Each structure stands twice: as structure tokens, then as C-alpha cells.
């Protein structure tokens, strides 16, 4: 049994864990990052699935907050500025696709074929979404006090700044933003547009990665959230793959004096009298530290690593009640290059009702027969984001149902890209069960807990525990399950480092 001493142990080398570790190491703290897999990055990983077959495992793009890029000097570690943004392409069988270009003027030209009125309003909608994204981004950068518990003056200062930022946005924009959060995505887009095809294309952004349809309350919030993370409608690709983000962060951690160990799975968080003492690895090695930060989801952290006997009973019950409900599968295809798919983010979203019915299947724990798909390309590799494929199936199991994902995706896309099926050389299906077993995502939830109205801001991960602290002294959360999490921005990791240092 080895006993080392560190200021901080960070469990998980996903982007949030690495961001937190880099900030702490930069401040001169002795930091050790422990990663279960042999590959860094968690959800922000680019990995090989065979010969000449490399793909972004889960997220086809993303970008860290600008302040993180600057603070950690990530440009010096090889993380280049994002390339030109790509369009979102809503597919039509006759190839007369709706192309929502990052340039509002070009997007309006494409929209005009469906509605001249909508084309005229597109610029206004983009302005509203950009403004709302900036406000949400500011909220995510604000350390949340432990509401509804009594918050001290220092914890409440961030809320005062947030209130001021909202007020400075102007009365109309402030009210429009606050009003949009609890709306359904359908209601939000209907306030701007008349074309069903355009409404569905925009509303699809509000359901990406969550188990809700566009007619569910709060999808107005997730629409703004995903717009903020993408910088618009389409995914923002990373030159060389999204794994470059994790690579640059790992280089930053090590340059600041931090240590990273892979294939070092944490089996237990060591607790004595409600105080964290360190961790025990699956190998049996014990590593002691003054503080431990977990970048894993709250359920995995508390129920698996800490253990219910070491936590207050009421807290355990509340953790068990966190809604995970993952329903995303991924399909990566290595092709001969003759797949016929244009660059950008292609979506199968012909109508709002189509998207809602796709989600209906998940309500009954069934795989959508007519799924909502997002398709991206990187050279000869085609990556398909498949919704809805619920983690908990009514019948059968993911060990045998994985093949259905490919079959349904191919059948759906054959109408738009007839050459895709014949171009396939190799394939990799990632089911919700794979997301849990391989990537450590409980119930396959990409967000470490559904992005819902009762699980955001000071209610994330739980009301009363929104400031990264836990009932265990010296144990903190820094993953996507806390305030600011969801997608690849690094806000949760940055905020955690600010809260504990």
C-alpha cells in the first residue's frame, strides 16, 4: 500500500477534470489526475476504431470558454483557433436542403425558398439567440451559492453580478431571455417563424443530447444552451479532432507541474468521519490527498465511489433521484469517400411533430423507428448522432440491439444519401450501455444529469449543493453534472477550481 501526499487529486481526465487540474496546478498546487482509461479526454476524445478509422468518439466538435483558452495559454500547447464555422443542413429527399449558414444573409437566402417572411426575421432571431447565449454564458461563469440554504455574502456576490448583467442587457432582452428558458422549443420558434421545416430545424437544437421532445417545457433553455456551446446552429469542428482539446489541456497540466496517470481506476473514495482522505485504486494502491475533486457524474461519485453508508440518508435519496435517462447512440462509419454527404451538420428533422414522435418512443423505452439524426463528416469518416435510443429498454438488451441502430440509421439516410450504404468499409456502434461502461456515463447521459428546469443553475446537481461542495469535507464535484456543465465549454471545471482554491 502506497501513501502519497497531494494537495488535490482529480478523478477523471475529461475536459472538465483537466481544466480544473490545470488551474490548480498553475496556482502551484500539487495535483494528480487519475484516469480510468488509457486514453485522455472522456467525452472530448478522438480515438481509433480500426485501420485508418479515427473519429471523435462522442462530440463532433466543441470549444472551451475564451477565458479558459487565455488563462491556461492553450494556444502555446497546440490548440489552434477554431476553423471557419460550418452550416446546419436540414435534409430534404430531393437535395433542395435548407442550409442555415453561419452568415445570416446567406442563411436568409436559403430560408427564402420556404418563406420570405421567415427569411426577413432570421437576422432578428440570430440576434436574440446570440444575446441570450451571452447571458447564459455569464450565468454559467457565476459561482452558484447553496440556495435555498443560507448563502454568505461572498457566495451571493456572483448573483449580484449576474443580476446586474441581466439588467444591463436592457429590459426587453432581459425579459425575453428569462421568458424563453421555461418555454418549449416549439413555442420559441413559433414566435419567429411560420415554415414548419425551418421551425423543426431550429427546434432540433433544443433536444440534442437530452431525453425530451420539442414540445417539452424547458427545451427553450436547452436550445439556448446548445446554441451557446456551438456558437450557432452547427457543431464547431476542431482541427485534428476534438481530442486536441484534451491533448492541449493535458500538456497545460503537466507544464504547470501537475501529474496525470492513465489506466488508474479509482475504486473508492476514502472517507473517515465525513472527511475525504484520498482514494483507493482498483489495484489496491491508496493515494492520500488534502482534497479530492471528482469529474465523474454525481451518481457514480456518491453511490459507487463514496458509498451510501458514508453519506446522510436524505442526501443519498436525493442523489438517487437525479434524472439521468440517456437516450443517445453513436454510429461511426469508415467509408470509401463516396458517401455524398456535404460538410456541416446535417439533420433529419422534417417537422416538429416528427421530432416529438421520435422522442415518444423513448417514453415507452423503445428505440425510435424514425429517429432524429445529426450527421457530420471528417474525410472518409461519417459520424451519426442517433436519438432516441433509451438506456433502459422495454425488452431485449443493448448487447443484442446495437445492430438495430445501424439498420435504422441507414434506412433513414438512404432517402437522402443513396450511396452511403454501399460506401461503408468499417463501422463502430456506441450504444447507451457502451457510454456507461466505456466512457463512465451513468445511464449513458452525456450531460451527467438531464438539462432540465429542475436540474439547472442553483438546482444542479441538487438544491443546496450547487457550489461544488458535498456532505463530505474536502470532496468536491467538477464534472458536467454541476452548474455550467453540459457540452464542451470547461465552465464546470473552471468554476470548481475557483471555488476550492
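Observations, loosely collected:
- Cα-based radius of gyration of region 328-437 once divided by 2.2 N^0.38 Å, which approximates compact folds: 1.03
- Over region 394-449, equivalent-ellipsoid semi-axes from the Cα gyration tensor in Å: 26, 13, 11
- Normalised contact order of region 164-281, rounded percent, pairs of Cα under 8 Å and 6 or more residues apart: 17 percent
- Cα gyration tensor category, rounded, prolate or oblate, for region 253-342 with a/c compared to 1.5: oblate
- Whether region 451-501 is rounded, prolate or oblate, judged on the alpha carbon gyration tensor where a/c under 1.5 counts as rounded: oblate
- The base-10 log of I(q)/I(0) for region 60-101, evaluated at q = 0.16, 0.26, 0.29 Å⁻¹, reads -0.58, -0.92, -1.03 [Debye formula, identical scatterers on Cα atoms, solvent excluded].
- Separation of region 417-436 from region 1-66 is 26 Å, based on Cα centroids.
- Note that region 315-356 shows a convex hull volume over its alpha carbon atoms of 146 Å³ per residue.
- Each Cα pair under 8 Å and six or more residues apart adds its separation to the average, and for the chain the resulting relative contact order is 24 percent.
- Under the shape rule built on the C-alpha gyration tensor, where the axes satisfy a ≥ b ≥ c, region 410-501 is prolate, since a/c reaches at least 1.5 and a/b is greater than b/c.
- Convex hull volume per residue for region 27-141, taking Cα atoms only, in Å³: 184 Å³
- Computed helical MRE - 222 nm, the chain, DSSP H runs ≥ 4 contributing -39500 (n - 2.57), nearest 500: -10500 deg cm²/dmol
- Distant alpha-carbon pairs in the chain (separation over 38 angstrom), percent: 23 percent
- Put simply, the convex hull of the Cα atoms in region 336-397 casts, on average, a shadow of 5.2 nm².
- Packing order of peptides 23-29, 55-61, highest average first: 55-61, 23-29 (average count of other Cβ atoms within 10 Å over each peptide's residues).
All of the numbers you see were taken from the coordinates with simple rules; none came from a lab. Note that the structure is a prediction, hence the values are computed from the model and not measured. All Cβ positions, even for glycine, are placed from backbone atoms using ideal geometry, and neighbour counts span all protein chains on display.
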